[in-house]
Amino acid sequence: MSFTEEFESLLRARYPLIYIPTYEEERAEYLIKASARKLGISVVYSWDFINGYVGNPNDSGFAIRNPLQALELIDKLTERTPAIFILKDFNSFLNDVSILRKLKNLARLLKRQPKNLIILAPEINIPSTLKEIFTLVELTLPTTEEINKELARLLKSLDKPLSEELLENLTRSCQGLSLERIRRVLSKIIMNHGEVTVESLGLILSEKKQVIRQTQILEFYPTQTKIRDVGGLENLKVWLRRRSGGFSQKAFNYGLPSPRGVLLLGIQGTGKSLTAKAIANEWNLPLLRLDIGCLFGGIVGESESRVRQMIQASEALAPCVLWIDEIDKAFSGIKSNGDSGTTSRVLGTIITWLSEKTSPVFIVATANAIDSLPVELIRKGRFDEIFFIGLPKQKEREQIFQVHLSKMRPETWSDFDIPTLGNLTNKFSGAEIEQVIIDSMHLAFSEDREFNSRDIAQSIKQCVPLANTEKEQIETLEEWARLGRARLASSQ
């Protein structure tokens, strides 16, 4: 159900108090007034703290800097007059005892009158004592149809007609942006280029990056990592190659839904994060990194607001790859958390989005401990697939040595005894293999000579791998994977 459909159904059902969290104040007000006209409601009042009521000649300027007086105007209108009252940023006053009491009284009064009170605010901030009387309606980002109409209107007013194909590409590029940002970026394109072309669409990506920076939750993560830089994991690589064209127009025309995401579960240092970077680069998609700890705020309702902001920002850059690193740490011990249910609500919002999202955002979530992951998160339907990444086998270790040595010594890497080194590093992770190479380089550098296979072998003997220090945990994780609960990333 669209915002307009849901909102109009609430008006017909005489829901007295409605709360719309949105940064698109102008668009929300336009949609509210359009719905009012459609339902035959001719009186729409709009109030803000600085200007008071505007738009109605009889009450223009009433209740300037007086939120309680703004509510009292509702009592002054006759009971039979259908009316809508839009109060902007009114969430700032909801904790005032007089405002709180007045709203409760109005909630009872308006049940018998054709009037609706609507609060527009950038975030949800409803005191617990008022949650029962308010109905929350989400105003999502503009639909493709809305964007197309707005672009057509703007281009017509600028006398800059476009071909149907270019207008379609422009519309698709603008998905995830608010109408206000679309207006600004289109003006920027016209100012810089004089016209809209395929080349000028890069400015839209710049605008989307600006959205990401403003969240302070997501990080735009440039990466040069190729899939060939990841040693081993052949099953996972084959699976990814088959989906590499999943975001193309050809796949869309074929009727293929966009890939949803993958959960990479496994031992530390086995290449989970490296794979996330490689996917974005290989598929030529922007990579966003989510520090999931940033989602949790100290103010009541702030965490849930940050999740919605994260979703909106990632969808603004779609198609893209969203990398959620170590997702298990955020939700470990969720049942014993004493945070008044904040973690559960954050998890619930993320799970709902994973299940229902239609935007081309490919999720790459990584985790080290299966016991810390909520069961709801690993249930089918959240991700396209769950892969287990274990400690590399002999051939994979050889590939990892080759990848690192060819980067460090592109001319002489073949001089190293890679099969022997691979055999010596049984139970070593990819990160540990990289570290022993670096250690051997330090050794040789301190002696003013080139490092060789013997230096690496010596570093291997001195290294204590995680498989020894965390033996029980790793064996438990490997046993869990052997039971067929996840797909193996490496070939047998």
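Looking across the stretch 464-478, the residues that are of a type outside the set (Ser, Thr, Tyr) and exposed (fewer than 10 other Cβ atoms within 10 Å of the Cβ) come down to Val464, Glu472. Among the criteria (1) over 31 Å from the mean Cα position of the chain (by Cα); (2) crowded, with 18+ Cβ neighbours inside 10 Å, the one Arg112 does not fulfil is (2). Of everything in the stretch 278-294 that is of a type outside the set (Asp, Glu) and in a helix (DSSP H, G or I), the residue that is farthest from Asp328 (Cα to Cα) is Asn281. For the condition under 15 Å from His404 (Cβ atoms) and either in contact (Cβ under 8 Å) with a residue 40 or more places away in the chain or among the hydrophobic types (A, V, I, L, M, F, W, C) (or both), what is the one hit in Phe445, Phe428? Checking each option against the conditions leaves just Phe428. Summed over the stretch 1-43, residues that are under 22 Å from Ser92 (Cβ atoms), aliphatic (A, V, I, L, M) and touching a helix residue (DSSP H, G or I) at 6+ places or on another chain (Cβ under 8 Å) total 4. Among the residues of the stretch 92-109, those identified as surrounded by 16 or more Cβ atoms within 10 Å (Cβ to Cβ) and over 13 Å from Ile18 (Cβ atoms) are Phe93, Leu94, Ile99, Lys102.
One residue alone among Pro161, Pro127 is farther than 22 Å from Gln312 by Cβ, outside any helix (DSSP H, G or I), assigned by TED's automatic domain parsing to the domain that holds Val97 and not aliphatic (A, V, I, L, M), and that residue is Pro127.
Taken over the stretch 32-55, the criterion of being surrounded by fewer than 18 Cβ atoms within 10 Å (Cβ to Cβ) and either aromatic (Phe, Trp, Tyr) or touching a residue at least 60 places away in the same chain (Cβ under 8 Å) (or both) is satisfied by Phe49 alone.
List the number of the failed condition for Thr420; all other conditions in (1) touching a residue at least 24 places away in the same chain (Cβ under 8 Å); (2) part of a loop (DSSP other than H, G, I, E, B); (3) of a type outside the set (D, E, K, R) hold. For Thr420, the failing item is (2). All of Tyr19, Tyr15 fail the test of being within 30 Å of Glu356 (Cα to Cα), in contact (Cβ under 8 Å) with a residue 24 or more places away in the chain and assigned to a loop (DSSP other than H, G, I, E, B), apart from Tyr15. The selection criterion, being hydroxyl-bearing (Ser, Thr, Tyr) and either in the same structural domain as Gly269 (by TED's automatic domain parsing) or closer than 30 Å to Phe401 by Cβ (or both), holds for Ser258. Applying the set (1) surrounded by 20 or more Cβ atoms within 10 Å (Cβ to Cβ); (2) over 26 Å from the mean Cα position of the chain (by Cα) to Ala152 leaves exactly one unmet item: (1).
The values are calculated or read from the model by the stated rules, or taken from the named source; none is laboratory data. Please read these numbers as outputs of a predicted model, since none were measured by experiment. Methodologically, a virtual Cβ is constructed for each residue, glycine included, from the backbone with ideal geometry; neighbour enumeration extends over all protein chains shown.
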